[in-house]
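Following: one structure in structure tokens, then a few remarks.
The values are calculated or read from the model by the stated rules, or taken from the named source; none is laboratory data. Note that the structure is a prediction, hence the values are computed from the model and not measured. No Cβ is skipped: glycine too gets one built from the backbone with ideal geometry, and neighbour counts run over all protein chains shown.
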Amino acid sequence: MNSYYDLLGIPANATEMEIRSAYGRDVLRLQDMTSDKVAQFRAALDGAFATLVDPAKRSAYDQELAIAVQDGAAASSDESDAAFRYAMRGGLWFAGGGVVTAATYEFSQGTYFLAWGPLLFGGFQLVRGLLRYLTVPSGARKGSQLGVLGALIAVGILSAGFVGVSEGLSAQDASLYAKWNTMIDASGLDVAQANDLVIGIANRPGAWDANDSADMAKASALYARVADAVEATTAPAQLDWYRTGMVKNFREAAAITREFSVVTTASPASTLAALDTRWQAFVDEATRLSDRFEAQQGKAP
């Protein structure tokens, strides 16, 4: 117990009647018990009662208790400050290690110095300091100290976390790039075959015939297959606009060549002219898409 008042379970401003009542209650509880510990507790109760029912002794005891409380508060404050300084040193090492790691990662294009030493040493000292700090009575802890420690922990975790998340995203992007490039390589033959069919038809002399329609149908199927493959593949985030544009572009190519495939010798010249105009618009849009890709990625698609 911290004081006679705590021993008797009464407030510091208890009246004499409350003191006598509490003492009598505890004595009754102990009367059927016999042991050395009970005897010691009874002696402590007698001492508390004798002091608190005597006004002079109680006044002197209260003064001593007040001094003891002040000394305890001062000691707790000193212990709190010491524990805070210890934890703060660890927090500075921990936060510094995180910042160094994040800064080198940010300014070195993904190659970075992982400051394991400061992170581990600082983290260990920070945890020890926090455990020590938390054993200090709550009244001795300062809000400003808790704020500083919380800020250091946040800086260290966020800095190191930034690198971890960035590395994770980079690995994910690398996987997406690999799948995307595999799809592009696999679809390249279909694109080349479809383009060769269209160019071959355009270079054939004479009037439109059934062979032209059949080749256009083949080209349409090839373009549609490429559009399906592109649409089914997830592109890296920075290339999603290009994937969307490619799907739209190849769908349009498939639609135009499909309409070419139903042209007959009886079809009016205006039908072919309109399809030619659509095809030229498709080619222009494909060129713009390619130019934008090259400007952003630094290479031709």
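Taking residues in the range 235-248 that are closer than 13 Å to PRO301 by Cα and assigned by TED's automatic domain parsing to the domain that holds VAL283, and partners anywhere that are surrounded by 17 or more Cβ atoms within 10 Å (Cβ to Cβ) and aliphatic (A, V, I, L, M), the pairs with Cβ atoms closer than 8 Å and at least 6 places apart or on different chains are TYR242/ALA235; TYR242/LEU289; ARG243/VAL230; ARG243/ALA235; GLY245/LEU289; MET246/ALA227; MET246/VAL230; MET246/LEU289.
For the range 214-258, taking the residues that are over 18 Å from TRP180 (Cα atoms), surrounded by 17 or more Cβ atoms within 10 Å (Cβ to Cβ) and not hydrophobic (A, V, I, L, M, F, W, C), the one that is farthest from the chain's Cα centre (by Cα) is identified as ASP215.
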